[in-house]
Amino acid sequence: LLAPVPRMTAAGSPRRWAPGTQCITKCEHTRPKPGELAFRKGDVVTILEACENKSWYRAKHHASGQEGLLAAGALREREALSADPKLSLMPWFHGKISGQEAVQQLQPPEDGLFLVRESARHPGDYVLCVSFGRDVIHYRVLHRDGHLTIDEAVCFCNLMDMVEHYSKDKGAICTKLVRPKRKQGTRSAEEELAKAGWLLDLQHLTLGAQIGEGEFGAVLQGEYLGQKVAVKNIKCDVTAQAFLDETAVMTKLQHKNLVRLLGVILHQGLYIVMEHVSKVRPGRAQGAGPRAWEPGPPCCLPGGWGHGTRRGWPPQLIGSD
């Protein structure tokens, strides 16, 4: 059942999580009592509040959206990611290999096994190589007006967008993309993000108005599972890959006086989802707690998210780019 003993801190008291903290479940609890939350090992939940019994929390399940009680001992913190050059958002991208090398990579035959390579005959274009039956079918991916397309009927903003689409709908190709042929030496960023608890679900994200713009894309206000968030969408796959290192750094910066990373979503590129912090006028802040803010001199937040000063804290302690 639920683990009864919560994790202890160095001071000897149970590990406490503030509302809004996202945690991973350490065990399975599929037959909950009334009021309890059902979950499986590895699920992501958001803490809503601590109960009077300090060994229990009320939390919201990311996948189901349900709310309920669960024991503190059933939770662990999300793991920080390590910046690793082998970690790739596109482990199926093999770069400059020939068509014959692609055929060799996609052996033995398996319907839906695929990779993407650069086109040798048409520099700047790509080739989607798909195993189907006993053959490997090569589809040239064309650049058209800043987008990518195979049949000039459906266009994509990047390779990640294209692979996502044909994984759900075969459209103009022979079969849906089922399993990527990973380039040797790479690790799937999607798998590592999911394992560590940082991969969020697009279904729970609602996007709103644009609240800023950086060098690599717009920043939008949004809502994720009822929480206000700021979302940066990076559609250039090369830039998204570069931002993966920044994301890894932000997973280590979980502190009450830092704007927190909530997670990422892989859809048409990379969505980086941060907590949304609104600036308030001096004298009108709702208390001087760790989340109370007032306008102040500009300072850097991760990824250039905004500026402000935490009440009672020097600007240089808010965050770093």
Residue 63 passes all but one of the listed conditions (1) at pLDDT below 85; (2) among the aliphatic types (A, V, I, L, M); (3) buried (at least 19 other Cβ atoms within 10 Å of the Cβ); the exception is number (3)
Of the numbered conditions (1) more than 30 Å from residue 18 (Cα to Cα); (2) modelled with pLDDT under 95, residue 162 satisfies every one except a single condition; which is it? (2)
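Does residue 71 count as outside the structural domain of residue 229 (by TED's automatic domain parsing), crowded, with 19+ Cβ neighbours inside 10 Å and in contact (Cβ under 8 Å) with a residue 40 or more places away in the chain?
Yes, satisfied.
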Would you check which residues across the range 172-192 are more than 25 Å from residue 86 (Cα to Cα) and at pLDDT 95 or above and list them? 173, 174, 175, 176
In the range 154-209, anything closer than 30 Å to residue 249 by Cβ and part of a strand (DSSP E or B) is listed as 156, 180, 187, 188, 199, 205, 206, 207, 208, 209
Suppose we filter 159, 200 for residues that are assigned by TED's automatic domain parsing to the domain that holds residue 262 and surrounded by 15 or more Cβ atoms within 10 Å (Cβ to Cβ); which single one remains? 200
I'd like the full set of residues that are among the polar types (S, T, N, Q), surrounded by fewer than 17 Cβ atoms within 10 Å (Cβ to Cβ) and touching a residue at least 40 places away in the same chain (Cβ under 8 Å), limited to the range 79-105. 82
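Quick grid of which residues meet (1) within 23 Å of residue 192 (Cβ to Cβ); (2) touching a residue at least 24 places away in the same chain (Cβ under 8 Å); (3) touching a Ser or Thr at 6+ places or on another chain (Cβ under 9 Å):
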{"residue": "227", "(1), (2), (3)": "no, yes, yes"}
{"residue": "240", "(1), (2), (3)": "yes, yes, no"}
{"residue": "245", "(1), (2), (3)": "yes, yes, no"}
{"residue": "253", "(1), (2), (3)": "yes, yes, yes"}
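Here's the yes/no breakdown for (1) in contact (Cβ under 8 Å) with a residue 40 or more places away in the chain; (2) under 24 Å from residue 235 (Cβ atoms); (3) not assigned by TED's automatic domain parsing to the domain that holds residue 249:
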site	(1), (2), (3)
64	no, no, yes
67	no, no, yes
112	yes, no, yes
122	no, yes, yes
126	no, yes, yes
Filter the range 231-241 for residues that are in contact with a strand residue (DSSP E or B) (Cβ under 9 Å, 6 or more places away or on another chain) and not in a loop (DSSP other than H, G, I, E, B) and give the result. 231, 232, 233, 234, 237, 239, 240, 241
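The values are calculated or read from the model by the stated rules, or taken from the named source; none is laboratory data. In this text, all values refer to a predicted model and were calculated from it rather than measured experimentally. Backbone-built Cβ (ideal geometry, glycine too); neighbour counts: all protein chains shown.
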